[in-house]
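Here is the structure we will look at, set down as structure tokens.
The values are calculated or read from the model by the stated rules, or taken from the named source; none is laboratory data. This structure is a prediction, so every number in the text was calculated from the model and none was measured. Virtual Cβ from ideal backbone geometry, glycine too; neighbours counted across all protein chains shown. Areas reflect the complete protein model, heavy atoms only, side chains present, ligands, DNA and RNA absent. Shrake-Rupley method; radii C 1.70, N 1.55, O 1.52, S 1.80 Å.
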Amino acid sequence: MAPTIPFDRGARYGAAVVGMLFATYLAIATDFSAILQSATYAGTIRNDVPFVNVFQFVLILAAMTASLGILPTSGMRRVGGITLVWVALCLWATFGLERGVGNITEPVAFWAFVLNQGFVVLLAAVGGWVIARGRHPLSWLVVVVALIPAIVAPILVQANFTTGGYALVIQGLVIVLGLGAAWAAVWIDRIVGRRAQAETDPDIAPAPAV
């Protein structure tokens, strides 16, 4: 009889990492433009792409929720992370639909920035993960990496990048920035935590500044 592998703390953490990486990649690799165009196509042509996009959107929400839900951390932290994910993604979908049908137009630059797909994906994934992991509040500063795709995107457009090149650059940015931000949060949490311990216990050497 094969030994039973327990779904312990380490296994839960590993599964959460894999699930969040999958959800983050799917969120940035999926083109949700068909959802925004569904009102235009409704009743004119047979177009099932919006339904596929809706399924993918629900799958992303479910994957991120499940990943944060199985993290070996406190229930309140998991709830906080999941709440951020749902609020960020649902607001993005809502305002994106409104902008797609022309109900929201001005200011154009503002909505293009806050509804940038890379910005929203990083805000939800990195923000939800850092909150759920219970990192030091100072480590939440790593969420500022979400601004980078929204800044780079118009530069790529102005540089006349191809559609494929644009997609590859933004996808690469989101993955690299997401992983980098997660590890930066760990580093900040350890540095701040060790220095706080050193202030109360002189036998503990403070962490290096670099």
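Are any residues in region 91-107 open to solvent by 50 Å² or more (accessible area, probe 1.4 Å) and touching a residue at least 24 places away in the same chain (Cβ under 8 Å), and if so, which ones?
LEU97, ARG99, VAL101
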Exercise for review: Answer with yes or no whether LEU138 is of a type in the set (A, V, I, L, M), in contact with a helix residue (DSSP H, G or I) (Cβ under 8 Å, 6 or more places away or on another chain) and modelled with pLDDT of 90 or more.
Suggested key: no
Point to revise | Residue pairs meeting the criteria (Cβ under 8 Å; at least 6 apart or on separate chains; first closer than 24 Å to VAL130 by Cα, in region 141-170; second open to solvent by less than 60 Å² (accessible area, probe 1.4 Å) and outside any helix (DSSP H, G or I)) | key: PRO149/ASN116; ALA150/ASN116
Check your understanding: So is ARG133 crowded, with 16+ Cβ neighbours inside 10 Å, among the charged types (D, E, K, R) and under 30 Å from ALA16 (Cβ atoms) or not?
Key -> yes
Practice item. Have a look at LEU68, LEU84 and point out the one that is open to solvent by 40 Å² or more (accessible area, probe 1.4 Å), in contact with a helix residue (DSSP H, G or I) (Cβ under 7 Å, 6 or more places away or on another chain) and in a helix (DSSP H, G or I). Key: LEU84
Exercise for review: Test LEU156 against the stated conditions and say whether it is part of a helix (DSSP H, G or I), modelled with pLDDT of 90 or more, of a type outside the set (Ser, Thr, Tyr) and over 20 Å from ALA181 (Cα atoms).
Suggested key: no
